[in-house]
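**Student:** First the structure, then my questions, so here it is.
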Amino acid sequence: MQVMRTIVWAVITAVLVAFIAMNWNGAAVNFWPLEGKNNYLHFEWPVGVIALIFFLLGFTPMWLFYRAQGWRLKRRIATLENSLRAASAVAPAEPAEPAAASPALPVDTPVISGPAPSPTEESNRNDVP
């Protein structure tokens, strides 16, 4: 990813340098009116430099907004992660009390011993209502 980013920046720089080199003709810029009629603070700048300055003037607010948005989202994510860590660090609830033991069989109940019937034997019994 870093290689792609470097390539993109190199291409953008080459395009800007070529644009400025092709437009090196000076352009008169009246910067600020001074006292008197038709009297201005006057600069003679290359067109490419003027275009670069105005590009940066337009790009800077959106770049600052993007950086502020990223910073705000990172802080929000960090806050949510910290609250999740704090919630998971709380000791788990006390386990429920064990179920009451089933009542013991009376002493006089006979215990039938032998193998338990298989599921097919139970389903084939006809005496089950």
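**Student:** Identify the residue in segment 40-68 that is of a type in the set (Phe, Trp, Tyr) and assigned to a helix (DSSP H, G or I) and, among all such residues, is nearest to Gly26 (Cα to Cα).
**Tutor:** Taking the candidates together, the pick is Phe54.
**Student:** Name the one entry in Val128, Val107 that is in contact with a helix residue (DSSP H, G or I) (Cβ under 9 Å, 6 or more places away or on another chain), of a type outside the set (Ser, Thr, Tyr), surrounded by fewer than 10 Cβ atoms within 10 Å (Cβ to Cβ) and modelled with pLDDT under 90.
**Tutor:** Just one listed residue meets the conditions, Val128.
**Student:** Could you give every pair whose Cβ atoms fall below 7 Å, whose first residue belongs to segment 1-18 and is surrounded by 10 or more Cβ atoms within 10 Å (Cβ to Cβ), and whose second residue is assigned to a helix (DSSP H, G or I), counting only separations of at least 6 or pairs across chains?
**Tutor:** Sorted first by the residue in segment 1-18, then by its partner, the pairs are Leu16/Leu52.
The values are calculated or read from the model by the stated rules, or taken from the named source; none is laboratory data. Keep in mind that this is a model prediction, so the values were computed, not measured. Note that we place each Cβ from the backbone using ideal geometry, even for glycine, and neighbour counts take in every protein chain shown.
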